[in-house]
Amino acid sequence: MSAIVSVHDLVKTYASGFRALKSVTLEIEEGEILALLGPNGAGKTTLISTICGIVRPTSGSIRVGGHDVVRDYRAARALIGLVPQEIALEPFEKVFDAVSYSRGLYGRPPDPAHVERVLRQLSLWDRKDSRIQPLSGGMKRRVLIAKALAHRPRVLFLDEPTAGVDVELRKDMWSVVADLRAEGVTIILTTHYIEEAEAIADRVAIINGGRILLVEDKARLMARMGRKELHVELAEPVGAVPEALAGHALRLGPEGRSLIYTYDTRGERTGIVTLLGELRAAGLQITDVATRQSSLEEIFVDLVRAKP
């Protein structure tokens with residue numbers, strides 16, 4: 001895969017002196033879904049806004065589809081669709097007209113058939129003649145996505161697309177994202193629902209303090225940094241980990257009814273067999289054993305805490 005978005009040594013410093021982006025370098029591959037994760041104030045929206053041409057970079061370079069976003073901004077922006085966090089829509093405009101107007105902003109000729117296809121894809125066709133004001137928050141966010149897709153972009157930025165959207169609409173939205181990816185659209189999303197990023201993203205980029213901490217294949221990242229836990233349920237609760245088991249770095253579960261053992265699945269030996277034998281030798285009766293894999297959210301929290 002080749003990069004459709006190339007960011008090199010990007011810096012953004014505001015007039016106040018605040019440095020929002022600090023030498024950010026990022027390659028986004030064509031056709032992938034990249035989850036851009038970071039805490040509030042990490043620089044996610046500034047990075048997206050700079051790539052989209054809303055914010056002018058202080059230094060560095062950005063190319064979209066080979067076009068420099070500053071020198072060749074018209075060609076670069078024609079390839080980009082943006083769904084912002086804020087719902088900013090003309091309240092008295094009709095849905096069909098709003099989406100058609102967005103297409104015209106990019107100099108594209110009218111294409112009612114394409115607008116209809118987008119609205120049907122987003123379950124908005126039956127609202128095509130509705131004014132935007134009375135629509136629910138979830139429906140308004142769908143209109144934002146439709147407007148971003150009106151000119152057939154090759155790169156789609158989704159900045160917190162499911163904020164304030166109920167569970168059913170969130171599921172529908174991710175189904176639409178999967179369809180777009182199948183059509184070859186490159187998707188970059190930010191989300192506070194990290195379990196969603198874990199389910200849909202191909203790669204993960206983590207940003208904090210205006211710096212990219214890592215960019216890595218999601219599965220490889222979880223295998224490399226994830227932890228696996230063995231939860232051993234006990235017939236009788238214990239007040240503390242028995243001294244005879246101190247060498248295993250066990251943690252006590254809720255109310256002392258379980259012992260939790262963390263191990264590395266990549267190691268030659270996990271130590272589980274030895275542990276279970278020593279548990280029996282210590283006189284502890286086991287009622288159940290279960291394993292649990294750490295989530296992308298836990299890895300994200302660990303990384304952000306370790307590298308402020």
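The values are calculated or read from the model by the stated rules, or taken from the named source; none is laboratory data. What you see is a predicted model, and the numbers here were worked out from it, not measured in a lab. All Cβ positions, even for glycine, are placed from backbone atoms using ideal geometry, and neighbour counts span all protein chains on display.
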Item to complete: Tell me, yes or no, whether the stretch 105-128 has at least one residue that is in the same structural domain as Pro153 (by TED's automatic domain parsing), touching a Gly at 6+ places or on another chain (Cβ under 9 Å) and surrounded by 15 or more Cβ atoms within 10 Å (Cβ to Cβ).
Response: no
Discussion item. Tell me yes or no: at least one residue of the stretch 277-297 is modelled with pLDDT under 80, touching a helix residue (DSSP H, G or I) at 6+ places or on another chain (Cβ under 8 Å) and aliphatic (A, V, I, L, M).
Written reply: yes
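Which of the residues belonging to the stretch 23-43 are β-branched (Val, Ile, Thr) and surrounded by 20 or more Cβ atoms within 10 Å (Cβ to Cβ)? Before the answer, list the steps.
Our first condition is that a residue be β-branched (Val, Ile, Thr); within the stretch 23-43, this holds for 24-25, 28, 33.
Of everything in the stretch 23-43, those that are β-branched (Val, Ile, Thr) and surrounded by 20 or more Cβ atoms within 10 Å (Cβ to Cβ) turn out to be Val24, Ile28, Ile33.
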Worksheet item: Can you name the condition, by its number, that Leu221 falls short on among (1) surrounded by 19 or more Cβ atoms within 10 Å (Cβ to Cβ); (2) over 30 Å from Ser100 (Cα atoms); (3) out of contact with any strand residue (DSSP E or B) (no Cβ under 8 Å at 6 or more places or on another chain)?
Response: (3)
Response to the item:
For the stretch 242-262, pairs from a residue that is touching a residue at least 40 places away in the same chain (Cβ under 8 Å) to a residue that is in a loop (DSSP other than H, G, I, E, B), with Cβ under 6 Å and 6 or more apart or across chains, are Pro242/Ala282
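Condition (residue is closer than 29 Å to Glu298 by Cβ and of a type in the set (A, V, I, L, M, F, W, C)) applied to the stretch 71-83: is it met by at least one residue? Even if it seems obvious, please write down each step before you answer.
As a first pass, look at the stretch 71-83 and keep what is closer than 29 Å to Glu298 by Cβ: 83.
Going one step further and asking which of them are of a type in the set (A, V, I, L, M, F, W, C), we end up with 83.
Yes.
Could you tell me which of the residues Val55, Val24 is of a type in the set (Val, Ile, Thr) and within 29 Å of Glu195 (Cα to Cα)?
Working: Val55 fails: within 29 Å of Glu195 (Cα to Cα).
The match here is Val24.
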Discussion item. Just to be sure before I move on: is Gly43 within 26 Å of Val177 (Cα to Cα), touching a residue at least 40 places away in the same chain (Cβ under 8 Å) and out of contact with any Leu (no Cβ under 7 Å at 6 or more places or on another chain) in the structure I sent?
Written reply: no
Item to complete: Go through the stretch 133-234 and tell me which strands (runs of 3 or more DSSP E), entirely inside it, have 1 or more residues that are without any contact (Cβ under 8 Å) to a residue 40 or more places away in the chain and touching a Phe, Trp or Tyr at 6+ places or on another chain (Cβ under 8 Å).
Response: none
